[in-house]
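Before any comments, here is the structure.
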Amino acid sequence: MSELVLCHHERWTVWVTRRASSEDIPLGARILAIADCYSTLQSDRPYRPARTVSESTAVLREFAGTSFDPALVEC
Amino acid sequence: MSAWAQSTLFAKGHNPLHRVLFSIGSLTLTVKVASLPLALMMGTDAASLATLVRTAAVVAPLYFFINTALVAGAIGLSTRQPVPRVWQRNFLWSAPSYLAGAALAAFATAASARGWFGGSRCWPCRSTWSSGVTTPSSGVSAKSRRRHTARWKCSSRPSKRLRSAIEAKAGCTPEHIRSIQHYAATLAEASGLSDGEVQAVRMAALLHDIGNMAVPEHILAKPEALTPEEFERVKIHTRVGAEILRDVRSPRR
């Protein structure tokens, strides 16, 4: 769990660049990154209103393969 | 540190350096000597109430005697008065306060060991969690799996309290935390993880920003864009969170 918390802001491409395999980001941390982003997009922020479900999904798809594990985004 | 604070902060007048050093030295010596029977009598396991009372009954008078005798000795020698008289007149009356302190410490130890503060004893769990489990489409090395494999327990009691604490600190809503947990658990299930692993992801989702405790609230609550320095400060929350949770994880080697 400690490692998941440590890695939940690690981004897919950064990790791929730095390491041989992006699989080194624990699966749980890859899941948390997506869940955190998806939930945040759907809540109001001082700088923007909440996004709808379809808008949030579109953002996840846009960043699949760069910020997020593409296989998980398509789950 | 405690002795230094007692001798300097809010002290009446200025305490010379030798007095401050004497206070630090005498307190250190007292704690060291008094801790000898403490370790012998308590052992390493959670002690029973009877053991705690017995230990407090031995350690408290010992601590009181060493602590006050050293100070009374120093006063007696520096003012050329008989040490026993100084001790009897200035320190004997304070004995009950030491006993009361020991009773309080024994109670706190017993309460902590029994999880009355909602401590880590509520955490032990049944599930085994392998965060290195891979998505169906990809493989993961045995080394990576070993490194990411951890085992711990979870129950709902600490998670409710933690949720409130995290909400209060991070300024996020209960709905936000619940939805992160929901989405994370849904993805974990879709990835083919076991029930225990899904529970573990749910718990990690609750705790993922616990490291925000180390980030000042004015930064967390700032509506405008963060300065580079503030952003650097926010970035430490993952490392702090991992450090806080380090003992919760017990890797299976």
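The values are calculated or read from the model by the stated rules, or taken from the named source; none is laboratory data. Please read these numbers as outputs of a predicted model, since none were measured by experiment. Positions of Cβ are backbone-derived with ideal geometry, glycine not excepted, and every protein chain shown enters the neighbour counts. Accessible surface areas use protein heavy atoms only, side chains included; no ligands, DNA or RNA. Shrake-Rupley method; radii C 1.70, N 1.55, O 1.52, S 1.80 Å.
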### Message
So, taking all protein chains as they sit and a 1.4 Å probe, how much accessible area belongs to B:W87, in Å² rounded to tens?
### Response
60 Å²
### Task
Would you calculate the separation in nanometres between label points at B:A105 and A:V59, each defined as 7 Å from the Cα along the Cα-to-beta-carbon direction?
5.3 nm
### Message
Suppose the chain between B:L17 and B:W93 were pulled fully straight at 0.36 nm per residue; how much longer would it get relative to their current alpha carbon spacing?
### Response
24.6 nm
### Message
Residue by residue through B:194-203, how many Cβ atoms from other chains fall within 10 Å of the Cβ on average?
### Response
2
### Distance (nanometres) between label positions extended 7 Å along Cα→Cβ at B:R239 and B:E189
3.8 nm
### Message
For B:L40, what accessible surface area do you get with a 1.4 Å probe? Give it in Å², rounded to 10.
### Response
150 Å²
### Task
Ignoring ligands, DNA and RNA and using a 1.4 Å probe, state the total buried accessible area between A and B in Å², rounded to the nearest 100.
2800 Å²
## Note on the structure
Sorted by accessible surface (1.4 Å probe, heavy atoms of the protein chains only), largest first, B:T186, B:T238 come out as B:T186, B:T238
